[in-house]
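Student: Take this structure first; my questions come after.
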Amino acid sequence: MYDCGFTKENNWFRYRAGAIIIENECVLFVGNKNENYLYSVGGGVRMGETAKDAVLREVFEETGVHYEIDHLAVIHENFFNESSGIRKGLNCHEICFYFLMKPRGTQELHSNSYTSYGTKEEMHWIPIKDLDKYKAFPGFIKEYLGTEHCGIEHIITDDRTNTCKSL
């Protein structure tokens, strides 16, 4: 199966599903030795797959645990220029559906996850109050977790112009 995304000339697009997993006032992020930042659990939606099915699959693949979806929380349009890694120099456009997952009451994981390029991934429980001390994406997550919401948020982030707006 192929992820819904493509590269054309100097541009890269991806359709992604991400999870917001909170346990004991901590939120779960992923990292690997090739990147200098942390990122949300999740990944590319495959052709013919719903975002809901993709997030359930990705969460299990990355954490080794079956989480349940609470609700769709955020639709994120993300624009950025990649400065490192395999997409270095590309103009990137990503659309991600972020699902809030139901807490399980434990931070125990059974992770044996690798990036699509074979690099081992590590899970990191970050205290929500300390998120600003980390380079973690999506960047809106600390503010989002610190406020009340009803319905689905639509957030547009453009790192090319350092803007973030909620619609």
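Student: Of all residues being over 15 Å from the mean Cα position of the chain (by Cα) and among the basic types (Lys, Arg) in region 33-56, which is surrounded by the fewest Cβ atoms within 10 Å (Cβ to Cβ)? Just the residue, please.
Tutor: Filtering first and then ranking leaves Lys33.
Student: If Asn10 satisfies all but one of (1) surrounded by 14 or more Cβ atoms within 10 Å (Cβ to Cβ); (2) in contact with a strand residue (DSSP E or B) (Cβ under 7 Å, 6 or more places away or on another chain), what's the number of the condition it fails?
Tutor: It fails just one condition, (1).
Student: Having 2 or more residues that are within 21 Å of Asn162 (Cα to Cα) is the bar; report the strands (runs of 3 or more DSSP E) wholly within region 16-120 that clear it.
Tutor: In region 16-120, the matching strands (runs of 3 or more DSSP E) lie at 38-44, 69-81, 91-101.
For every residue, the table says whether it meets (1) at pLDDT below 95; (2) of a type outside the set (Val, Ile, Thr); (3) within 13 Å of Leu28 (Cα to Cα).
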position	(1), (2), (3)
Ala51	no, yes, no
Glu68	no, yes, no
His76	no, yes, no
Phe137	yes, yes, yes
Ile141	yes, no, yes
Asn162	yes, yes, no
Ser166	yes, yes, no
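Student: Name the residue that is nearest to Asn81 (Cα to Cα), counting only residues in region 1-15 that are part of a loop (DSSP other than H, G, I, E, B) and in contact (Cβ under 8 Å) with a residue 12 or more places away in the chain.
Tutor: So, considering only residues that are part of a loop (DSSP other than H, G, I, E, B) and in contact (Cβ under 8 Å) with a residue 12 or more places away in the chain, the one nearest to Asn81 (Cα to Cα) is Asn10.
Student: Follow-up. Starting from residues that are farther than 22 Å from Arg104 by Cβ, among the aliphatic types (A, V, I, L, M) and in contact (Cβ under 8 Å) with a residue 24 or more places away in the chain, keep the ones in region 125-167 and report whichever is surrounded by the fewest Cβ atoms within 10 Å (Cβ to Cβ).
Tutor: The qualifying residue surrounded by the fewest Cβ atoms within 10 Å (Cβ to Cβ) is Ile152.
Student: List the number of the failed condition for Gly118; all other conditions in (1) over 28 Å from Asp159 (Cα atoms); (2) more than 17 Å from the chain's Cα centre (by Cα) hold.
Tutor: So Gly118 meets the others, but not (1).
Student: Further question: Evaluate the following for Val30: is it crowded, with 19+ Cβ neighbours inside 10 Å, under 19 Å from Ile75 (Cβ atoms) and touching a Gly at 6+ places or on another chain (Cβ under 9 Å)?
Tutor: In short, no.
Student: To continue, here is another question. Quick check, is Asn24 at pLDDT 90 or above, in contact with a Cys (Cβ under 9 Å, 6 or more places away or on another chain) and loosely packed, with under 15 Cβ neighbours inside 10 Å?
Tutor: Against the criterion (at pLDDT 90 or above, in contact with a Cys (Cβ under 9 Å, 6 or more places away or on another chain) and loosely packed, with under 15 Cβ neighbours inside 10 Å), Asn24 does not qualify.
Student: Can you find even one residue in region 75-96 that is touching a residue at least 60 places away in the same chain (Cβ under 8 Å), β-branched (Val, Ile, Thr) and crowded, with 20+ Cβ neighbours inside 10 Å?
Tutor: No, region 75-96 contains no residue that is touching a residue at least 60 places away in the same chain (Cβ under 8 Å), β-branched (Val, Ile, Thr) and crowded, with 20+ Cβ neighbours inside 10 Å.
Student: Right, another one. Report, by residue number, each residue of region 34-86 that is farther than 27 Å from Asp158 by Cβ and of a type in the set (Phe, Trp, Tyr).
Tutor: Listed by number, the residues that qualify are Phe60, Tyr67.
Student: Sticking with this structure for a sec: So which of Phe97, Phe60 is at pLDDT 95 or above and either among the β-branched types (Val, Ile, Thr) or touching a Leu at 6+ places or on another chain (Cβ under 8 Å) (or both)? Reasoning before the result, please.
Tutor: Details: Phe60 fails: either among the β-branched types (Val, Ile, Thr) or touching a Leu at 6+ places or on another chain (Cβ under 8 Å) (or both).
Phe97 is the lone residue from the list that is at pLDDT 95 or above and either among the β-branched types (Val, Ile, Thr) or touching a Leu at 6+ places or on another chain (Cβ under 8 Å) (or both).
The values are calculated or read from the model by the stated rules, or taken from the named source; none is laboratory data. Note that the structure is predicted; figures quoted are calculated from it, not measured. So basically every Cβ, Gly included, is an ideal-geometry build from the backbone, and we count neighbours across all protein chains shown.
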